[in-house]
Amino acid sequence: MPTDDLTAFLEAWPHESGRVNARLIDGDDSRPKLQVRIDLGVLQLERDGRPDGQRPHGAESLFRHHQQRHEVYVRDVGASAGFVLSPDECRALREEAVQLYHRYVALFALQEYALVIRDTTESIAMFDFCRDYAADPRDRMMLEQFRPGVIMTRTRAEAELAVANNDARRALDMIDRGLNDLRAVYDEHRPPGEFEQLNEVQLLRGMRDALVPKLPMSPRAELIERLRAAIDAENYELAAILRDELRIMRD
């Protein structure tokens, strides 16, 4: 007989303290689901669309609904001025942002980096929307405390995806862009002098330092390394040839 008791299910998939324990499954509705094992049970989220599977006002998400409202308003009025989000609307958007957070953290643990980029980009756009249109100044700033962490997570996902594609140069470019984004947020909201101490900055700096040795050598650097190796091996004929190549490259 079917049972509502989840004991057997949870015992078969034990909680592991200190790590994000997540998996992707195929739902009974043939749509992919994301499950996250937590200490007191399990979260199940939709992989795509709004994480709880709801379609507020018939839209893909509550954020999409308000974006559509804004588009209609601008079309009718000719400008954004006067468009506002009420405190209740901002609260509901923050709740949706929490759902996205749970999902992209689990997706990162599963190395689903493209989906992490999708959700973190959506989160940042939601932060921007609340900052720009909330009626209450407190609602404009409520999500800003989380912006550095979301920027860091998106940057890590972009860099990891580039590394998976054997493109260390692009990974470095993504990290540099993320650091620039963090700098812009820091300069706007923080006192000067502490940027390098931020956890998000230190993590990205460490990731960058680990990537630098993976960059392909420039042709000149490669010739210099070959010249050193030829001299160490006392292969002076090859060394002379390599010196000529370096001289031509300089010219």
Rg ratio (alpha-carbon, reference 2.2 N^0.38 Å) - the stretch 1-150: 1.22
D_trans [Stokes-Einstein, Kirkwood Rh over alpha-carbon pairs] for the stretch 76-146, 20 °C, 1.002 mPa s, µm² s⁻¹: 164
Net +/- balance of residues flanking Gly193 in space, Cβ distance below 14 Å, scoring K and R +1, D and E -1: -1
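Can you tell me the equivalent ellipsoid semi-axes for the stretch 124-245? Use √(5λ) from the Cα gyration tensor, largest first, whole Å.
Square roots of five times the eigenvalues give 46, 14, 10 Å.
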Options (1) 18.1; (2) 19.9; (3) 22.2 - which one matches Kirkwood radius over Cα pairs in Å as calculated here: (3)
With every protein chain in place, the stretch 1-130: carbon and sulfur % of accessible area (1.4 Å): 51
In Hz, Karplus ³J(HN,Hα) per residue of the stretch 233-242 (6.51, -1.76, 1.60; θ = phi - 60°; x = Gly, Pro): 8, 6, 8, 6, 5, 5, 4, 5, 4, 5
Cα gyration tensor, the stretch 37-92 - rounded (a/c under 1.5), prolate or oblate: prolate
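The values are calculated or read from the model by the stated rules, or taken from the named source; none is laboratory data. All of these numbers come straight from a predicted model, not from anything done at the bench. Backbone-built Cβ (ideal geometry, glycine too); neighbour counts: all protein chains shown. Side chains included, ligands, DNA and RNA excluded: accessible areas come from the protein's heavy atoms. Shrake-Rupley method; radii C 1.70, N 1.55, O 1.52, S 1.80 Å.
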